[in-house]
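Quick note: the coordinates plus some simple rules give every number you see, no bench work behind them. Just so you know, these numbers come straight off a predicted model, no measurement behind them. FYI the Cβ positions are ideal-geometry reconstructions off the backbone, even for glycines, and counts take in every protein chain you see.
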Amino acid sequence: MKKLVLLSGIILFACNATSKLNSNDFSVILQGEYGGKEEKRHEIITNNNDFINSIESFPITEEELSKLISIDFSQHNVIIVHAGQKNNGGYSITIDRVEVIKNELLVYVKESGPKKGENVTMALTNPYCLATIPKAKKVIIK
């Protein structure tokens with residue numbers, strides 16, 4: 001009987017733990033126009049070593065570096081979204097919001113470009129965005 005009660009408690013705790021994903025638990029930590037990948041894609045980083053390797057190409061200030069090295073990978077993953085190479089400036093990419101639906105984390109990405117007639121940098125750019133997101137078994141990019 002004690003084993004049954006203990007097992008029920010563990011199952012209840014485990015179910016409760018998986019529902020702790022919070023839609024508001026994300027934070028954009030770095031974004032820019034230069035340093036992203038040439039192709040449009042995303043990366044989910046789950047540990048510090050992979051993270052360090054992934055951010056080597058980004059132009060990072062000391063202030064930004066202090067934010068980046070304080071990420072707790074036991075609680076969060078990092079998502080990096082790349083807009084791909086653009087022919088000029090004025091483009092950006094960011095994480096707009098995240099939603100939790102049935103233990104799946106939906107990450108909504110928002111891309112924008114220059115408005116018609118807007119003055120922009122005449123250089124190749126590679127917009128990117130890094131954000132912390134809650135740990136989840138399945139992440140879907142929208």
- [ ] Go through region 51-74 residue by residue and tally those that are under 24 Å from Tyr108 (Cβ atoms) and either surrounded by 14 or more Cβ atoms within 10 Å (Cβ to Cβ) or within 13 Å of the chain's Cα centre (by Cα) (or both).
- [x] 9
Open item on the list: If I filter region 103-116 for residues that are more than 14 Å from Ile29 (Cβ to Cβ), under 13 Å from the mean Cα position of the chain (by Cα) and small (Gly, Ala, Ser), do I get at least one hit?
Closed with: no
- [ ] Those residues that are of a type outside the set (Ser, Thr, Tyr) and exposed (fewer than 13 other Cβ atoms within 10 Å of the Cβ), I need them from region 111-139; list them, please.
- [x] Lys115, Lys116, Gly117, Glu118, Asn119, Met122, Ala123, Lys137, Lys138
Task: Matching residues, region 100-126, being touching a residue at least 12 places away in the same chain (Cβ under 8 Å), polar (S, T, N, Q) and more than 21 Å from Arg41 (Cα to Cα) - done: Asn103, Thr121
TODO: Tell me which residues, restricted to region 88-99, are more than 12 Å from the chain's Cα centre (by Cα) and either touching a residue at least 40 places away in the same chain (Cβ under 8 Å) or buried (at least 19 other Cβ atoms within 10 Å of the Cβ) (or both).
DONE: Gly89, Tyr91, Ser92, Glu99
